[in-house]
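Asker: Just passing along the structure, written as structure tokens.
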Amino acid sequence: MVKKDVVVKSVSGLHARPGSALVELALTFKSDIKLIHNGNSINAKEILEIMMGNINCGDKLTVEVEGEDEQKALESICDYIEKGEE
């Protein structure tokens with residue numbers, strides 16, 4: 001397992017479009033991808049969990065990835081969260 005701490009840069013957090021795009025990205029990897037937010041574990045491949053996570057701009061997350069493509073997945077997910085593109 002690999003993990004990294006990141007800060008959400010998207011002005012709308014991980015709601016609606018940014019959250020959906022994150023799920024689409026996560027689904028391209030075979031590894032399990034979790035976002036740890038305020039002590040809660042959120043499956044990055046489930047849009048309902050992302051939306052219910054109430055992840056806002058400026059929030060700190062720990063991205064945890066485990067599986068055969070974990071390093072590439074970690075880099076891609078963290079890059080997406082840290083860029084903050086809408």
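The values are calculated or read from the model by the stated rules, or taken from the named source; none is laboratory data. The structure presented is a predicted model; accordingly, all values stated were derived computationally and were not measured. Using ideal geometry, Cβ is built from the backbone for each residue, glycine included, and neighbour counts are taken over all protein chains shown.
Asker: Taking the stated definitions as given, is Glu68 assigned to a loop (DSSP other than H, G, I, E, B) and either basic (Lys, Arg) or modelled with pLDDT under 95 (or both)?
Answerer: Numbers: assigned to a loop (DSSP other than H, G, I, E, B): yes; either basic (Lys, Arg) or modelled with pLDDT under 95 (or both): no.
Answer is no for this residue.
Asker: Right, next: Return a yes/no flag: does the range 7-27 have any residue that is assigned to a strand (DSSP E or B) and at pLDDT 95 or above.
Answerer: Narrowing the range 7-27 to residues assigned to a strand (DSSP E or B): 7.
Next, only the ones that are at pLDDT 95 or above stay: 7.
Checked against the condition, which is being assigned to a strand (DSSP E or B) and at pLDDT 95 or above, the range 7-27 yields at least one hit.
Asker: Between Ile55, Ile42, Ile36, Ile77, which is in a helix (DSSP H, G or I), β-branched (Val, Ile, Thr) and surrounded by 14 or more Cβ atoms within 10 Å (Cβ to Cβ)?
Answerer: Only one candidate qualifies: Ile77.
Asker: I'm told Ala21 meets every condition in (1) farther than 18 Å from Val2 by Cα; (2) touching a strand residue (DSSP E or B) at 6+ places or on another chain (Cβ under 9 Å) except one. Can you identify the failing condition by its number?
Answerer: (2)
Asker: Can you find a residue that is of a type in the set (Gly, Ala, Ser), at pLDDT below 95 and farther than 14 Å from Ser20 by Cβ anywhere in the range 49-59?
Answerer: no
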